[in-house]
Amino acid sequence: MNTDKSISGLIKNYKYGYSLEQAFYKSQEIYDREIENIFLKNWILAGHTSQIPNPGDYFLFEFDKESIIITRTKKDEVKALINVCRHRGSHVCLNKEGNTTAFTCPYHAWSYDLEGTLIAARIMSNDFEKSENGLHQAHVELVGGQIYISLAEEPLSLKGMQEDLADVFDQYGFDHMKLVEQRTYPIEANWKLAVENYQECYHCAPSHLDYAKIHALALAPKKFQPMKDKFLKENTSNIRTKASPYYFDLAKEGDEGYQYDRNPLLKGIKSGSRDGKPVAPLLGKVNEYGNGASEFSVGPTTYYLIYDDHMVGFRFLPTSLNTCIADVFWFVRGDAIKGKDYDLEELLWLWHVTILDDEKIIIDNKKGVDSHFYAPGKLSEMEMMEQHFLNWYLKALS
Ligand code: FES
Ligand SMILES: [Fe+2]
């Protein structure tokens, strides 16, 4: 029995191969530490450049208590401006998205340009320096069109990921994709229950009847592993990378963690769709359906599933101790035309129904984890990725 209930005691007494103690899901102190040690340190997917094609375009990216304006400047650069007025702290931008030449604070009308520079401040003393009062900024890195931001003073390096996965980005044409839909699914549960759920496919067969008709990952390891070995051996177009197929707990000190893996789909399946048939034009340099899907992740909260003809991005963000959101992004080739090259409803179908399944099981999970009778349970070998996440998480927390 673990009697040391301090954060370090809980971390020290974590029993490898088991789920976490209840306190990790219920303690505000732990949640606050997670925001500081994880969300204010790691790179997070903020969105995609196709959301802000023109100078002056912007959208808000928000989680927990943070609000960040992602904007395209007149110089065609992407900036991440912290949405906290340098006067007395009001949110400056209240619209979720739009196009503007400047952001004017609704409180006392200080005004900032698209670069975050303070350009107007009414009735201030002569010694007030506008140049010292621009909006604070987050670091921005573009990977293809994916916009990542880091709120850390010294951001982790993304170089390893960009080098190791360059062939993957090239193969799937990351630079030429467009975002065709983003949906936000609010989930009444601690964010880790959502991430842990995403990490494992032990639940796929019982909980995702539609997904399990498409993805071999839902099969038990005894069936899955020989199928995967054969797939990797025979399908020579599969890209080999140096990236770990497991998890970002293996990243070098100072590097952002990332992961890449390729897995077979069930026999005859071409894409992640209602019936396994194609739903959009082939991506990038892919020239035929390879009966597989690639999985790739950056940092602890951003995951991608790449089919040969479209990509689905997933991002899990905390909104409070007991609530989080799952954002799902659907991407197709940049020149694909809606209604002609793809039917939007068909493109969205599989992951819309799958995330709704997930939302339900995560909330049911939360209800049980809240009980007086919850205790850490033994993980299955099909939860190895979740174990890697837990290893990484405990290290990040300490
Ligand atoms: S708080 Fe923004 S102008 Fe005063
Ligand atoms: Fe799931």
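The values are calculated or read from the model by the stated rules, or taken from the named source; none is laboratory data. Quick caveat, the model's predicted, so the values are computed rather than measured. Neighbour counts run over all protein chains shown; Cβ positions are idealised from the backbone, glycine included. With ligands, DNA and RNA removed, areas are computed over all heavy atoms of the protein, side chains included. Shrake-Rupley method; radii C 1.70, N 1.55, O 1.52, S 1.80 Å.
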Full extension between E154 and T73 adds, at 0.36 nm per residue less the Cα distance, a length in nm of 26.8 nm
Surpassing 21 Å at the alpha-carbon level, of the pairs K15/K242; K12/K366; K233/K270, are K15/K242; K12/K366
Whole-percent carbon and sulfur contribution to the accessible surface of the chain (1.4 Å, no ligands, DNA or RNA) stands at 50
Scalar couplings 3J(HN,Hα) for region 262-271 by Karplus 6.51 cos²θ - 1.76 cosθ + 1.60 (θ = phi - 60°), nearest whole Hz, x for Gly and Pro, are 10, 10, x, 9, 5, 3, x, 7, 9, 8
Quarter of the surface of the C-alpha convex hull for region 44-142, i.e. direction-averaged projected area in nm², equals 6.3
Counting only DSSP loop positions in region 106-167, the GluC sites (Glu not before Pro) whose Cβ has at most 13 other Cβ atoms within 10 Å are E129, E153
To the nearest 0.05, the calculated FRET efficiency linking E36 and M227 through their beta-carbon distance, R0 being 25 Å, is 0.05
With the 1.4 Å probe rolled over protein heavy atoms, the chain has an accessible area per residue in Å² of 46
The rounded separation in angstrom of the Cα centers of region 150-177 and region 298-371 is 21
The correct pair for the chain, radius of gyration to one decimal and Dmax as a whole number, both in Å and from Cα atoms, is 22.1, 75
In degrees, nearest 10, the alpha-carbon axis of helix 384-397 is tilted away from the dominant principal axis of the alpha carbons of the chain by 30
